[in-house]
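Beneath this line is the structure, given in structure tokens, with notes to follow.
Just so it is clear, none of the values below were taken in a lab; they were calculated from the coordinates. This structure is a prediction, so every number in the text was calculated from the model and none was measured. Note that each Cβ is placed from the backbone with ideal geometry, even for glycine, and that neighbours are counted across all protein chains shown.
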């Protein structure tokens, strides 16, 4: 008899879902959360059930993330800190630190054997989050992937500590003739510095795994490596770490 479960990580900007079977990830799906997290998460569960040829009655659905309370018919709801720690251990056995830069907050989690032993968060301002990178990419008429790829080279410092003021600063820098590449580099450097400041408040140890959607931005990982003076690892499934942790914890005794 096989054991299957679904994990839903309903974030502020992206909703992620995974179907796991016998301890392996079988299917994944992510969608913009949009204005209706309840409907988006239900669509993801429906997709995973249909593509995985499973019935709802034969598995557990566990929700985590910003909108976990809105995931309809979830069997369990678990905090994202707990789920990211467990999911990170699945992706990188022996992980000791998790860095997750989300749409509305940034988290650094100390992990011991798949459990969070301590964590620090920055949820006071969007300037240190993925949302700020998305705003900057839009301002520069780039996709988020282009911003990460084209930001190498010259770095133009971004001094504002608030996302709104930083956006105004970027407008002024563009008007003064500074290149988009330099501004993008400055924004990535700013986010890396803010994240490093959060990481300094816990017992930071390697291996360090970066989770969430921004884990695919090599420029950000490199900037973090330079500031933390240790390697930053990623996984092709990093963006699904929270959902994976939810699926695993949902079936745990």
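Laid out as a table, the results:
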| quantity | calculated |
| --- | --- |
| Degrees, to the nearest 10: 218-228 long Cα axis against longest axis of the chain | 80 degrees |
| Residue-span extension gain [residue 26 to residue 218] - 0.36 nm each, minus C-alpha spacing | 66.5 nm |
| The range 154-253 shape via C-alpha gyration tensor axes, a/c threshold 1.5 | prolate |
| Projected label distance in nm at residue 121 and residue 58, using a 7 Å step from Cα toward the beta-carbon | 3.7 nm |
| Mean Cβ count within 10 Å, highest first, over the residues of peptides 200-211, 238-249, 83-94 | 238-249, 83-94, 200-211 |
| Folded to 0 to 90 degrees: helix 163-175 orientation relative to the chain principal axis, Cα | 50 degrees |
| Stretchable slack from residue 165 to residue 201, in nm (0.36 nm times residue separation minus alpha-carbon distance) | 10.4 nm |
| DSSP beta bridge pairing in the chain, given as percent antiparallel to the nearest 5 | 70 percent |
| Rounded, prolate or oblate (a/c below 1.5 giving rounded, otherwise prolate when a/b exceeds b/c) for the range 1-107 by Cα gyration tensor | oblate |
| Point-to-point label distance, residue 182-residue 104, nm (Cα→Cβ direction, 7 Å offset) | 3.6 nm |
| Rounded tilt (10° steps) of 130-139 against the dominant C-alpha axis of the chain | 50 degrees |
| Among beta bridges that DSSP assigns inside the range 93-234, antiparallel share in %, nearest 5 | 65 percent |
